[in-house]
Amino acid sequence: MSQTQDNLIVVLDAGSAWTRVLAADLNEGALRYRGHGVVESAGMRKGLISELGPAAKAVKAANEQAERVARANIDECAVGVGGPHIRGLNTNGRLDIGSRMREITREDVRAVVERARAIERPADREILHLLSRQFILDGQPGIFDPVGMVGACLEVDLHIATCSGSALQSTVTCANRAGLEVTEAVLESIAAAEATLSADERELGVCLLDVGAHSSNIVVFFEGAVAHTGSVPVGGAHFTNDLAIGLQMPVAQAERLKRQYGHCVVTAVPQQATVEIANPQPQNLPLRTVAEILEPRARELLYYVKENLRQGGVVDALGAGCVLTGGGAMLPGLLDVTESQLRVPARTGMPVRLSNMPGELVHPSFATVIGLLLYAHRTRVTRAAENNSLRAKLRAIFASSY
């Protein structure tokens, strides 16, 4: 096994149901798949880490799988953060440059963003992302990068994505115990958006709903920028539990029944359709009975989503509709319920395919981990460009001193 390579990028998605590690490297400017590992999660409860030991063991097992396929030692990664503790808020800041107009610098941008983020928040909330929605220069809105422009007053509309500080620290500690250093933390819904949304959808207004096992993460883009982030406490596991309780069967059997025969719209299931189940004796179960259990939960999920969007003031900003991704998005009929509840078109978000990547990964359940890789790559490229710019400025300064 080779040593860790400088161009190797590794990401970790420690979800409620599955723990995934994905590795890729840069090949002529493009990401190329190197390896991945997937194991069943452990030590999780309601979307949060409840036992560090089992959770770290699952991360270590997934990482070892990825190392074997990638033929490289992996000792650092970017991690995804999601769950019912995700919150987002919009704020703004203002910076008076002076009585005379001058060129806006990167330092001015940092200063106005710092003013916008200087708001009171609970002590246990950790900032994940500071996302500028737009800059306003001397009353002119719709500016994405004011650096180099000339003006006297700079303002920013900012979206702040936050999470529970203890939940984030548990994820970092879990990765550390598995032998991984965490380089950055990324909101899972924003990562999933990287892998599934088009530029046109982001511009027109779109809701990305990442349906996980115990919760569903939300991000809304409008005019190309993040306008809202949040989460709702309903996920795929709730559908499974409803079947297990309603039909009095083991959870594993209910999960298989949901995957093979589940549907969220009762009227879409033929009245005479049945399936034979052993519970405990063999019997024929009408498939409409399964749908009658699943449809109310689907409507509850989308009710919570709509309320979350309404509270964020973006329920009417979905010109491009709603995109569902994550493993739970594959439940038949969920798109129909989404369209009927939100009154917008809906589609399934399939992640982009990396070079050399196995076809099995082109599935909504891998959207987050693939998006994490794309996000980490973009971050690395941006930092490299900034470092090169700084080095060029320093060279110019020293050259002018001679």
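Laboratory data are not the source of any read-out in this text; all were calculated from the coordinates shown. Bear in mind the structure is a predicted one, so any value in this text is a computation, not a measurement. Using ideal geometry, Cβ is built from the backbone for each residue, glycine included, and neighbour counts are taken over all protein chains shown.
If the only charges are +1 at each Lys and Arg Cβ and -1 at each Asp and Glu Cβ, what is the size of the charge dipole of the stretch 52-135 around the Cα centre, to the nearest 20 debye?
220 debye
Per residue of the stretch 276-290, in order, report the coupling 6.51 cos²θ - 1.76 cosθ + 1.60 (Karplus, θ = phi - 60°) as ³J(HN,Hα) in whole Hz, putting x for Gly and Pro.
7, 10, 9, 8, x, 8, x, 8, 8, 9, x, 5, 5, 5, 5
Given charges of +1 on the Cβ of Lys and Arg and -1 on the Cβ of Asp and Glu, with all other atoms neutral, how large is the dipole of the chain about its Cα centre, in debye to the nearest 20?
That gives the chain a dipole magnitude of about 360 debye.
Helix-derived [θ] at 222 nm for the chain: sum -39500 (n - 2.57) over DSSP H runs of at least 4, divide by residue count, nearest 500?
It comes out at -12000 deg cm²/dmol, rounded to the nearest 500.
If you take Rg/Rh (Cα atoms, Kirkwood Rh) from the coordinates, which of (1) 0.96; (2) 1.02; (3) 0.99 do you get?
Computed from these coordinates, Rg/Rh (Cα atoms, Kirkwood Rh) corresponds to label (2).
With +1 on the Cβ of every Lys and Arg and -1 on the Cβ of every Asp and Glu, and nothing else charged, how large is the dipole of the stretch 87-163 about its Cα centre, in debye rounded to the nearest 20?
Rounded to the nearest 20 debye, it is 100 debye.
Placing +1 on the Cβ of each Lys and Arg and -1 on the Cβ of each Asp and Glu in the stretch 136-291, which of Val220, Leu168, Gly235 has its Cα farthest towards the positive end of the resulting dipole?
Gly235
Grab the other residues whose beta carbon is less than 14 angstrom from that of Gly151, score K and R as +1, D and E as -1, and report the net.
Its environment carries a net charge of -3.
If you take every residue apart from Ala55 with its C-beta less than 11 Å away from the C-beta of Ala55, what net charge results, scoring Lys and Arg +1 and Asp and Glu -1?
+3
Lys/Arg Cβ at +1, Asp/Glu Cβ at -1, dipole of the chain taken about the Cα centre: which of Gln281, Thr338, Thr379 is farthest positive-ward?
Of the candidates, Thr379 comes out farthest on the positive side.
I want the local charge near Gly262. Using Cβ-Cβ distances under 15 Å, sum +1 for each Lys or Arg and -1 for each Asp or Glu among the other residues.
That works out to +1.
Does the stretch 1-118 come out rounded, prolate or oblate by the C-alpha gyration tensor, with a ≥ b ≥ c the root eigenvalues, rounded set by a/c under 1.5 and, if not, prolate when a/b is larger than b/c and oblate if not?
It is oblate, given that a/c is not under 1.5 and a/b is not larger than b/c.
By its C-alpha gyration tensor, with a ≥ b ≥ c as the square roots of the eigenvalues, how is the stretch 274-369 shaped: rounded for a/c under 1.5, else prolate for a/b larger than b/c, else oblate?
Cα axes put the stretch 274-369 in the oblate bin.
Using the Cα gyration tensor of the stretch 110-256, with a ≥ b ≥ c the square roots of its eigenvalues, what is the shape: rounded (a/c below 1.5), prolate (a/b larger than b/c) or oblate (neither)?
It comes out prolate by the Cα gyration axes.
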